[in-house]
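What follows is a short report on a single structure.
The values are calculated or read from the model by the stated rules, or taken from the named source; none is laboratory data. This is a predicted model, so every value here is computed, not measured. Backbone-built Cβ (ideal geometry, glycine too); neighbour counts: all protein chains shown. What goes into the accessible areas is simple: the full protein's heavy atoms, side chains included, and nothing from ligands, DNA or RNA. Shrake-Rupley method; radii C 1.70, N 1.55, O 1.52, S 1.80 Å.
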Amino acid sequence: MTERKPPGVSFESWVERQIREATERGDFSSLAGFGKPLPDDTAPYDELWWVKDKLHREGVSVLPRTLALRKEAEDAREAVGSAATEARVRSILTAVNEKIEAAIRRPPPGPPLGLKPFDVEAVVREWRARRAEAHPLTGPDRP
C-alpha cells in the first residue's frame, strides 16, 4: 500500500477500494490464521499482550534465572521418573547438576537458589526400586 490518497476522494472510500483490490488479488488469503477462529476476546485487555505472545512463541522464559533453574530441576526429577534407561537417568541428572553447581559457585541475581545438586547414586537407586516395583518380572535382578 504505497499509493497516496488522491485529492478529492474521501478517506473511507479510498481505504475500502484498497481493501477490495487487495482481496481481489488474494493478498489476504495467505495470511497466518486465515480461516481460523479469532482468539478468545473475553479476557480483560492487556496492554502487553503482543509482548507476552512473542515471548511465548519464542520460548523465552521471563522468570529470574534462579526460579527457572528450580523449574528445570523439577522437570528433571519428572523426566527421571519416565526415563527408560539408567544411562538416561544419569544423563538428565548430570546436566541439571552442572547448572546447579554453576549457580552455587556464582549466584545469579534474583531470589536465592535454594537447591543443591542431586545425589545421582541415590536417585538411581530410587529409580531402580520404582522400576522393580512396576515390573517385578523384568527388574534389574531378574533376567
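Quick notes
- In summary, the lysines within cross-link reach of K52, defined as a Cα separation below 30 angstrom excluding same-chain residues under 8 places away, comprise K36, K71, K99.
- Area of E21 that stays accessible when all protein chains are in place (1.4 Å probe, Å², to 10): 50 Å²
- Summarising the overall dimensions of the range 81-137 from its C-alpha atoms, the Rg and Dmax are 14.4, 49 angstrom.
- Taking 0.36 nm per residue of separation and subtracting the current Cα-Cα distance, fully stretching the chain between A22 and S91 would add 19.4 nm.
- The residues of the range 67-131 have, on average, 63 Å² of accessible surface per residue, using a 1.4 Å probe with all protein chains present.
- For the chain, the Cβ-based charge dipole about the Cα centre amounts to some 580 debye (Lys, Arg positive; Asp, Glu negative; other atoms uncharged).
- Tail fraction, Cα-Cα pairs, the range 1-72, threshold 17 Å, whole percent: 70 percent
- Evaluated at q = 0.16, 0.22, 0.28, 0.29 Å⁻¹: base-10 log I(q)/I(0), Debye formula over Cα of the range 59-102: -0.44, -0.74, -0.98, -1.01
- Over the chain, dividing the summed -39,500 (n - 2.57) contributions of all DSSP H runs of at least 4 residues by the number of residues returns a 222 nm mean residue ellipticity of -17500 deg cm²/dmol.
- Solvent accessible area, Å² - I19, 1.4 Å probe, full protein context: 90 Å²
- Rolling a 1.4 Å probe over the protein heavy atoms of the chain, with every protein chain left in place, gives an accessible area that is 58 percent carbon and sulfur.
- Order of exposure, largest accessible area first, which applies to H135, H56 with probe 1.4 Å: H56, H135
- Using heavy atoms of the protein chains and a probe of 1.4 Å, the accessible area assigned to V62 is about 110 Å².
- Rounded tilt (10° steps) of 86-105 against the dominant C-alpha axis of the chain: 80 degrees
- Ranking F34, F118, W49 by Cα position along the charge dipole of the chain, where only Lys, Arg, Asp and Glu carry charges on their C-beta atoms, puts F118 farthest toward the positive end.
- Couplings 3J(HN,Hα) of the range 71-78, computed from phi: 5, 4, 5, 4, 4, 5, 4, 5 Hz, in residue order, whole Hz [Karplus 6.51 cos²θ - 1.76 cosθ + 1.60, θ = phi - 60°; x for Gly and Pro].
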